[in-house]
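S.K.: Have a look at this one.
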Amino acid sequence: MPITDANVLAPSLDIPSIRAQFPALAQTVNGHPAAFLDGPGGTQVPQRVIDAITNYLRHDNANTQGAYSTSRRTDAMIAAGRAAMADFLHCAADEIVFGPNMTSLTFAISRAIGRELKPGDEILVTRLDHDANVSPWVVMSEDRGVTVRWAEFHAQDCTLDLAALASKINGKTKLVAVGYASNAVGTINPVKEIVQLAHRAGALAYVDAVHYAPHGLIDVAALDCDFLVCSTYKFFGPHMGVLFGKRAHLERLRPYKVRPLTDAVPNRWEWGTLNHECIAGITACVDYIADLGRHARQHVSQRPPAPRREAIVAAFEAIHQYEHGLMKRLMAGLVRIPGLKIYGISDRARFEERCSTLAIRIQGHTPLELATSLGECGFFTWDGNYYALNLTEQLDVEKSGGFLRIGLVHYNTAEEVDRLLAALRELAG
Ligand SMILES: Cc1ncc(COP(=O)(O)O)c(C=O)c1O
C-alpha cells in the first residue's frame with residue numbers, strides 16, 4: 001500500500017487545505033518543489049496574516065491615542081491583538097507585552113529585574129538554551145555583581161541534568177531562566193517542575209517558549225511561571241516578540257522608560273511606537289490556529305464552533321499528533337543512513353520529551369555543505385549553531401560547523417520527509 005499523509009498520520013488535520021492557505025509553500029527551486037524545513041528559524045504565514053497586515057496599512061494606519069477614527073481603530077486593533085495573545089498563552093490581556101522580538105524583550109526585562117538584585121544574589125541559566133535566554137541575564141549579572149550558575153545537560157541525549165539543576169537552586173537564587181524546548185535538538189524541558197523548584201527557593205521563573213510555541217499548547221496559568229516569552233514569526237505570524245508577565249511583576253518592577261509614557265501596565269513596558277501592522281497580523285495568526293482546532297475537531301464531532309482558547313487547545317492536540325507522525329517517519333529513515341548521527345533524543349519510546357526539530361551530522365560533510373546541496377534541490381534546512389552556542393560548544397561541534405537542523409511543522413508532509421530522506425541518502429553516499 002502506498003504510504004500517504006492520510007493513512008500514516010493523524011486524520012484530523014486537512015493538510016492540502018492547510019497548505020493552500022500558505023502562498024509561500026507553492027514556490028519551486030531549480031524546478032524542485034520547495035520544502036520549508038526551516039520552521040525553527042521562522043515559519044511561513046497564511047494568507048489571512050498577509051491580508052490583516054495589508055488591510056491595516058491601507059485603512060487604519062495611525063499612531064495610538066489620537067482623537068480621530070484611524071487612531072481609535074488602531075487602539076482597538078492593539079487591544080484585539082492583546083486579547084488574542086492572552087487566549088494563546090492563557091492569561092489576562094494586560095499581562096501581554098508586545099516588543100520587536102524575544103531578545104529585545106528579554107534584555108529589557110533583565111535590566112529591570114537587575115535593579116532589584118545585589119552582589120551575592122544568584123541566577124541560574126542553562127547550557128541548553130538559545131543565547132537570547134542566557135546573555136541578557138549574564139550581562140545584567142555582570143552589571144549588578146550577581147553570580148551566574150549554569151545548569152548542564154546530558155551529552156548523550158541533550159536533556160537537562162535535573163538533579164544537578166535542582167542542587168544549584170538555593171536561598172540566594174533570584175531567577176531561573178529556562179527554555180521550554182531546544183531550538184537546536186528539540187528537547188522539551190520539564191518546565192513546570194523547574195518553575196516549582198524556582199518558586200520553592202523564592203526565585204522568579206523566566207521561560208523562553210520561542211521554540212515550543214509552534215509545537216505545543218502553552219498555558220502560563222498552569223505553568224505558574226512569572227514570565228514567558230515567544231516570537232510570533234515562529235508560529236505562523238509576523239516578525240514580533242510577545243512577553244507574558246504576571247501583573248504583579250509588571251506593576252512592581254521599574255522599567256527604563258521615557259517620562260511621557262504612561263505608567264499603566266502593560267504600556268509602561270512598550271517603548272516607542274510598536275509595529276502596528278504586525279500586531280494586526282498576530283490576531284490573524286492566532287485566529288488561524290484557532291480555526292485549525294475548530295476544523296480538526298469538526299472532523300470528529302459536530303459540536304458548535306469552540307471559543308478561541310478551547311479551539312487553540314484542540315489545534316495543538318491535532319498538531320502534536322500530526323508532527324509526531326512525521327517525526328517518527330523521519331527518524332526511522334535517518335537511523336538507517338550510514339555515517340549519520342542524530343543529536344538529542346532518538347528513542348521512539350521517549351518522543352514525548354522532544355518536538356519535531358532534529359539536529360544531525362553526516363560523516364565527511366560539513367553542515368554547511370549539506371544545507372547548500374539540499375538548498376539547491378529545494379530543501380530549506382539550517383546549518384550552524386542557531387545561537388544555541390553553549391550547546392554546540394559543549395558538544396564540540398562548534399568549530400566544525402555545528403549541526404544540520406531539520407524542522408518539521410504542521411504544514412510539512414510525509415512526502416517531503418520521504419524526498420528529504422532520499423536526498424540525504426544520496427549525499428551520505
Ligand atoms: C529558542 C529561541 N529563543 C529565542 C530566540 C530569539 O528570538 P527573537 O528572534 O524573537 O529574538 C530564538 C530564535 O531563533 C529561539 O529559537
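The values are calculated or read from the model by the stated rules, or taken from the named source; none is laboratory data. Since we're looking at a predicted model, the values are computed, not measured. No Cβ is skipped: glycine too gets one built from the backbone with ideal geometry, and neighbour counts run over all protein chains shown. For accessibility, only protein heavy atoms count, side chains too; no ligands or nucleic acids. Shrake-Rupley method; radii C 1.70, N 1.55, O 1.52, S 1.80 Å.
S.K.: If I take the Cα coordinates of segment 168-207 and project them onto the principal axes, what are the three extents in Å, biggest first?
M.R.: 32, 15, 14
S.K.: From the alpha carbon gyration tensor of segment 105-144, can you work out the equivalent ellipsoid semi-axes (sqrt of 5 times each eigenvalue) and give them in Å, largest to smallest?
M.R.: 17, 12, 7
S.K.: To two decimal places, what compactness ratio does segment 145-227 give when its Cα radius of gyration is scaled by 2.2 N^0.38 Å?
M.R.: Against the empirical 2.2 N^0.38 Å value, I get 1.07 for segment 145-227.
S.K.: Moving on. Return the percentage of antiparallel bridges among DSSP beta bridges fully within the chain, rounded to the nearest 5 %.
M.R.: Of the beta bridges lying entirely in the chain, close to 55 percent run antiparallel.
S.K.: While we're here: What whole number of Å gives the distance from the Cα centroid of segment 42-68 to the Cα centroid of segment 123-158?
M.R.: The distance from the Cα centre of segment 123-158 to that of segment 42-68 comes to 37 Å.
S.K.: When N is the residue count of segment 284-429, what does its C-alpha Rg come to as a fraction of 2.2 N^0.38 Å?
M.R.: 1.21
S.K.: Continuing with the same structure: Less than 12 Å Cβ to Cβ from T106, Lys/Arg counted +1 and Asp/Glu -1: what total charge do the surrounding residues give?
M.R.: Residues near T106 contribute -2 overall.
S.K.: Whole-Hz ³J(HN,Hα) for each residue in segment 152-167, computed from phi via Karplus 6.51 cos²θ - 1.76 cosθ + 1.60 with θ = phi - 60°, x for glycine and proline: what do you get?
M.R.: For segment 152-167, the Karplus-derived couplings read 8, 10, 6, 5, 5, 10, 6, 10, 5, 7, 5, 5, 5, 4, 4, 6 Hz, x marking Gly and Pro.
S.K.: Shifting gears a bit: To the nearest Å, what is the center-to-center distance of segment 309-335 and segment 227-241, using C-alpha atoms only?
M.R.: 20
S.K.: Please report the relative contact order for segment 155-274, taking Cα pairs under 8 Å with a sequence separation of at least 6, and give it as a percent rounded to a whole number.
M.R.: With pairs under 8 Å counted, the relative contact order is 17 percent.
S.K.: If you take the alpha carbon radius of gyration of segment 111-184 and divide it by 2.2 N^0.38 Å, what ratio comes out, to two decimals?
M.R.: 1.10
S.K.: Over all distinct alpha-carbon pairs, what is the Kirkwood Rh of segment 219-286 in angstrom?
M.R.: Across segment 219-286, the inverse of the average 1/r is 13.4 Å.
S.K.: Next up: I need to check one value: relative contact order of the chain, counting alpha carbon pairs closer than 8 Å and at least 6 residues apart, in percent.
M.R.: 23
S.K.: Compute the relative contact order of segment 101-234 as a whole-number percentage, counting only Cα pairs closer than 8 Å that sit 6 or more residues apart in sequence.
M.R.: Relative contact order, segment 101-234: 23 percent.
S.K.: Now a separate question. Would you work out if segment 1-149 is rounded, prolate or oblate? Take a ≥ b ≥ c from the square roots of the eigenvalues of the alpha-carbon gyration tensor; rounded if a/c is under 1.5, else prolate when a/b is larger than b/c, oblate otherwise.
M.R.: The shape class here is oblate.
S.K.: Another one. Probe of 1.4 angstrom, ligands and nucleic acids ignored: what's the accessible area per residue over the chain, in square angstrom?
M.R.: 41
S.K.: What residues have an amide H closer than 5 Å to that of A181, excluding those fewer than 5 places away on the same chain, when H is modeled at 1.01 Å from N in the peptide plane?
M.R.: N189, H211, Y212
S.K.: Based on Cα coordinates alone, diagonalise the gyration tensor for segment 192-310, multiply each eigenvalue by 5, take square roots, and list the semi-axes in whole Å, largest first.
M.R.: 29, 21, 12
S.K.: From zero outward in steps of 20 Å, how is the percent of C-alpha pairs of the chain spread across the bins?
M.R.: 26, 57, 18, 0
S.K.: Loop by DSSP (not H, G, I, E, B), at most 11 other beta-carbon atoms within 10 Å: where is the longest site-free stretch of the chain for chymotrypsin sites (Phe, Trp or Tyr not before Pro)?
M.R.: 69-255
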